[in-house]
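Notes for the one structure printed next.
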Amino acid sequence: MRLKHYLYITTLVLLTACNNSDELTDGTPRANDAIQLSAGIVKGSHAVVTRAAGDTYQALTVGTAIALQVSGTWTGHTQEEVVKTTTAEAELSTNTSNGLSLTPVLYWDDYGMADPANATTGRTTGLTIYGAAVNGLTTAPAISDYTALVWDVNADQTTGWSEKNLLISNNVKANNTYKFDARGTGKQLEFRHALSKVTVSLKAGEGFADSKFVNDPTVTLLDWAHTNGTVNVTDGTVTLGNNTGVTMYQAATAATGYNVTKEALVMPGSAFIKGADIIRINADDNIYYVSSEKIRAAINAADHDTDDLTKAGKNYIIKVTVNKTAIQVSATVVDWTTVEAAEELPKILVNNAYGDKGKSFDKAFDFYRSTSLNNGYSKDAEMSYATATGWTMTPQLYWPDHLTHYQFRGVWPTTAKVVDGEDATMGMQVIKVNNVAYQEGTFPSDLLIARPEIAEDAVCTNKEPGHTTTKLFEGGICATEGNINLNFRYMMAQVEVNLITASSGDNQVNLTGAKVELVNVKNTGDVTLGTREVVPTGVAGEYVLDEDANDANKRLSAIVPQDLSDMKFRITITNGTDETDVYYADVASIVDQTSNEKITAWKSGEHYVYALNLQKTKLTVSATLTDWKKVNASENVWF
């Protein structure tokens, strides 16, 4: 009886080693060796054969069905070209690998690898393997011709596009790609996206109540978008069919800072035609069109390509702010797995700056410890620094035993006072702060709180009998001879306003005596010692930003970090005794130009710089955001 030898296929990132019990160990290739293959989805790549350096992989969804065609040459056989098809099912996987079960099972002997007459042809030519699948579908694509797979992504994709997201594999071919005598430990099947994707994110702008759409917008890709054609699985090329346009699917979660995100698949080779409208938007019965100008520029910038055709494995991101009177658009083209773009010309801009220079930290600070996360902290020591000796703890503290876990905190300046939990927010120990003219190195302007920043899943390694193993972040640090590294963070936010006006002419505003206020701002807050969270307290009111002593047109204050909902800048200009001009700007509408996200809150350790350009007829605002530099300190704590 002739022994049949299985063709094993597993979806693995790494090539697997042969472990057939029939395998001999003298290193000689055997016809009864199992064929070893692996496969995985290649992230962010084109549907072509060539593998790029640095490709990464992900596993298929368990249960995914894969159509496979495996062919080879058998000299002297009734039919020398042996072509067999099978269906594989993805089994239990890790993040990067699957096992596959084949129906029907394939064998090496099916390709005549044991036949001496085939030694100089089939065994030296090797196998050719093509595959196609839709990740997550339990039915494999029906393929009669792997050079012309008919594919339709549907013109109406409102119920989802995932069932049409075709993956193909064509990297294992004959001509020495995978021959029997030089097979090594196996060959990898690389599945790649065969189609293109378009993502459109919408933001409700001027004229939309509460910056929201009443109904979900309908977004349509116009007839530049091809919805069907034939895919040549052997080389990834596509022959286009109809270009009927696509009604897009609404994603469950919108892109950050946007109300709605829409997605659709199109056939590669669809053209962003120069000067043409490519998207139609129906937002609360207002109809808008988006032209191809900016996406064409983005393609050229990213790919240095001027043909403006969509490519397989690319996700084309278009972000749109819809206003009642205008539409502003920005776009980028990125690989399948990366989606991020900055919006062009929002109403009020925040530009990312380079960040504050920062300074080394060598000040004396108060050292707190507790056996619980939120309460029980006591100031048991002070830390001081000298260049020659480094940090010194006074008095020196010691671990009481091997069982105790401590939370450690540092507080600077030492004028900051910790309030017990019963008098503070949520029953936690806090430091009370308030809005104040910013003064470097003083409390509360430069309040710093430090803690050991440890991975949340890190556990102590103390194996002493009776010791309770716990996660260090929440449970505290157990006895160690190593340094306790404290990472300081600023707790307040800096808000800086610079007043600007025309140098002359009718639009010039006399800025002398200008008053800049925050309206609907909370002026006090509690900073929790345990978690370093800032909780605004009290009733929202007003705050006059503080004038800089060296610049009459500059205001700089330390503000309690807080949400910016309903907060406004109010600038009052007094011209003579009777005439007063008042300007307003919504703080919460300001966005970060680089990330294209609204700044919805002022955060600890961030410095916001606003330029308020006052003219007789309007107020324009721009801003920069800088981060205070983190300050680190360490101290030896001995058991």
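As for the range 591-604, it holds no residue that is within 24 Å of the chain's Cα centre (by Cα), acidic (Asp, Glu) and at pLDDT 75 or above.
Note on the range 253-288: among residues that are in contact (Cβ under 8 Å) with a residue 60 or more places away in the chain and among the small types (Gly, Ala, Ser), the one that is surrounded by the fewest Cβ atoms within 10 Å (Cβ to Cβ) is 257. Every condition in (1) modelled with pLDDT of 55 or more; (2) surrounded by 19 or more Cβ atoms within 10 Å (Cβ to Cβ); (3) touching an Asp or Glu at 6+ places or on another chain (Cβ under 7 Å) holds for residue 385 except the one numbered (2). Of the residues 92, 68, the single one that is in the same structural domain as residue 134 (by TED's automatic domain parsing) and modelled with pLDDT under 80 is 92. Applying the criterion of being of a type in the set (A, V, I, L, M, F, W, C) and part of a strand (DSSP E or B) to the residues of the range 367-395, the residue that is nearest to residue 405 (Cα to Cα) is 367.
When 73, 103, 64 are screened for being under 15 Å from residue 139 (Cα atoms) and over 37 Å from the mean Cα position of the chain (by Cα), only 103 passes. Looking at the range 101-121 only, could you name the residues that are touching a Phe, Trp or Tyr at 6+ places or on another chain (Cβ under 8 Å) and either within 14 Å of residue 189 (Cβ to Cβ) or in a strand (DSSP E or B) (or both)? Passing the criteria: 106, 107.
Of 287, 299, which residue is assigned by TED's automatic domain parsing to the domain that holds residue 241, at pLDDT below 80 and farther than 27 Å from residue 192 by Cβ? When all the criteria are applied, what remains is 287.
Residues in the range 423-444 that are surrounded by fewer than 21 Cβ atoms within 10 Å (Cβ to Cβ), at pLDDT 85 or above and more than 20 Å from residue 367 (Cα to Cα): 5 in all. Among the candidates 182, 174, 204, the residue that is over 17 Å from residue 312 (Cβ atoms), at pLDDT below 95, aliphatic (A, V, I, L, M) and surrounded by fewer than 17 Cβ atoms within 10 Å (Cβ to Cβ) is uniquely 182. The residues of the range 134-169 that are touching a Gly at 6+ places or on another chain (Cβ under 9 Å) and not in a loop (DSSP other than H, G, I, E, B), listed by number, are 150, 151, 152, 162, 163, 167, 168, 169.
The values are calculated or read from the model by the stated rules, or taken from the named source; none is laboratory data. Since this is a predicted model, take the numbers as computed values, not measurements. A quick note on method: Cβ atoms are made from the backbone with ideal geometry, for glycine too, and the neighbour counts reach across all protein chains shown.
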